[in-house]
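Quick notes on the structure that follows.
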Amino acid sequence: MNRKKEVFVFIGPPGSGKGSLSNYCTDKLGWKQLSTGFLCRKNITENTEIGKQIDFAIKSGKLISDGLIISMVEDWLLNNGAQFEIAILDGFPRTVKQAEALDHLINNKIKDCVLRVVRLFISDEVIVQRLAARLICGNSDCQSIYSSLPVSALMPERGMKCDKCHSALTRRPDDEINSVKERLKIYHNHEKILLDYYRDYGLSINEVNVEKPLKDVFEDFQILLNNNK
Ligand code: AMP
């Protein structure tokens, strides 16, 4: 019997560790990942037409248009749909319109696929501290995440260089405090509506407390996966 494909949706505020948890799933569990934020930043660094259109919105912490993001995700799912058993959408959907578009794609274009929703929760105070210390690899194909907090498991090993590709580490312009406040405001405006949308759809929401050291978050996530088997 064919196993159904699974698409995981991670819903969590900026800085909640969606990317770190996604990396764990790709490295340790062999899942596929699409990060819409990664794709947006790559377009900006490479100065593509899309990059020029979205540069200002991203730096100021705003969402970019549903149409543009939905077409990015659609392209990715249609190109990669045949190659994964389990995939994570990191940072998508962020609005109900995006959630509706995803349902349409999953129901009509990808055969035998189930959606799983995971909510990552953490306080705004901890997010502000984390993002003030967040570093990112400046190589647009890498974009690995680090932290300058000495207590963090994400401290880079060699000063301001990426452990993986040795490119210089930098800060994301949207991790500047005013953009962070804007991103948190937008997230909180959409979170409840999005979760209600999925509950009304009959899906259960898996909750993970991410205000913990990463290794504990990974353990909790693994337990959640085992309980859902
Ligand atoms: P992230 O890396 O997930 O924090 O995303 C960085 C930025 O990319 C966001 O603040 C938005 O400007 C943009 N972005 C990423 N995903 C989406 C999305 N699903 N809808 C709209 N904008 C997005």
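Quick notes
- Residue match in region 104-115 (condition: under 22 Å from Glu182 (Cα atoms) and surrounded by fewer than 19 Cβ atoms within 10 Å (Cβ to Cβ)): no
- The one condition from (1) more than 8 Å from the ligand (Cβ to nearest atom); (2) in a helix (DSSP H, G or I) that Asn47 does not meet is (2).
- Residue list for region 55-65, filter: within 7 Å of the ligand (Cβ to nearest atom) and either farther than 14 Å from Arg94 by Cα or part of a helix (DSSP H, G or I) (or both): Ala57, Ile58
- Single condition Pro213 does not satisfy, out of (1) touching a Leu at 6+ places or on another chain (Cβ under 7 Å); (2) modelled with pLDDT under 95: (1)
- Gln98 being in a helix (DSSP H, G or I) and near the ligand (Cβ under 8 Å from one of its atoms): yes
- Residue in region 155-169 that is in a strand (DSSP E or B), buried (at least 18 other Cβ atoms within 10 Å of the Cβ) and touching a Cys at 6+ places or on another chain (Cβ under 8 Å) present: yes
- From Lys18, Lys4, residue being charged (D, E, K, R) and more than 10 Å from the ligand (Cβ to nearest atom): Lys4
- In region 105-130, the residues that are at positive phi form Cβ pairs under 7 Å with partners that are surrounded by 14 or more Cβ atoms within 10 Å (Cβ to Cβ) and among the basic types (Lys, Arg), at six or more places apart or across chains, as follows: Asp112/Lys5.
The values are calculated or read from the model by the stated rules, or taken from the named source; none is laboratory data. Small disclaimer: the values here were computed from a predicted structure and weren't measured. Cβ atoms come from the backbone with ideal geometry, glycine included; neighbour counts cover every protein chain shown.
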